[in-house]
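Notes follow the structure.
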Amino acid sequence: MSASIGFGFVAACAVLSALFVVRVKNLVHAALWLGVTLIATAGLYAMLDASFLAGVQVLLYVGGVSVLMIFGVMITRKHDGLVVEAESTSGPRGVFAAVGLFAVLATSIVMTPELDGAVAVETVTARHLGRSLLVDHVLAFEVVSLLLLIAIIGAVVLARRRDHGVERKELPAPRREEVSS
């Protein structure tokens, strides 16, 4: 009973912080709330006895992605002060998309007969997971790697893009001094 209450509390924290991610106007705060969401997700994994996934969640997502998001926001956005405002005008469309996605997922979960709890769960180890990623699902693994590479290239392009309305100062060409022989 207390495990269910604890799971519900951590799940509520994850959902609440995810709502803050999409509702807060400050992009740095949104990235920090994303970190809280990812930590709560790792807590849920740990409560489900998936300690490997919880560790990967903390190391890769909380440690890597959250820091990368904050770094990307600070590098790519031109800001006058410390607050970087989010630019969003599509609230009703987002709510409509979220409700539609929730309906599809809820319907899929309810209609799946294997989720009735009678199916025996096989223990998955890190060896099984590694074999699955690098042998059985190698194409999907490589596609994700390619998508991450494209995201990195996109971040570099955004970081090097000129700010609109800001003139760049050209550096003077280096002077060549004649060397007399």
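Table for the structure above
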item	result
Any chance VAL73 is within 28 Å of ALA155 (Cα to Cα), in a helix (DSSP H, G or I) and at pLDDT 80 or above	no
Options VAL95, VAL84, VAL15, VAL67: the member that is at pLDDT 85 or above and farther than 25 Å from ALA126 by Cα	VAL15
Matching residues, segment 25-58, being at pLDDT below 85 and surrounded by 19 or more Cβ atoms within 10 Å (Cβ to Cβ)	LEU27, ALA30, ALA31
Any pair with Cβ under 6 angstrom, 6 or more apart, that starts in segment 138-155 at a residue that is closer than 20 Å to HIS128 by Cβ and ends at one that is surrounded by 11 or more Cβ atoms within 10 Å (Cβ to Cβ) and not aromatic (Phe, Trp, Tyr)	PHE141/LEU133
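Residue by residue, here is whether (1) closer than 18 Å to ALA30 by Cβ; (2) modelled with pLDDT under 80; (3) part of a loop (DSSP other than H, G, I, E, B) holds:
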| position | (1), (2), (3) |
| --- | --- |
| LEU60 | no, no, no |
| VAL104 | no, no, no |
| GLU114 | no, yes, no |
| VAL119 | no, yes, yes |
| THR123 | no, yes, yes |
| ALA140 | no, no, no |
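The values are calculated or read from the model by the stated rules, or taken from the named source; none is laboratory data. As the structure is a prediction and not an experimental result, all values here were calculated from the model. Reconstructed Cβ throughout: ideal geometry from the backbone, glycine too, with neighbour counts over all protein chains shown.
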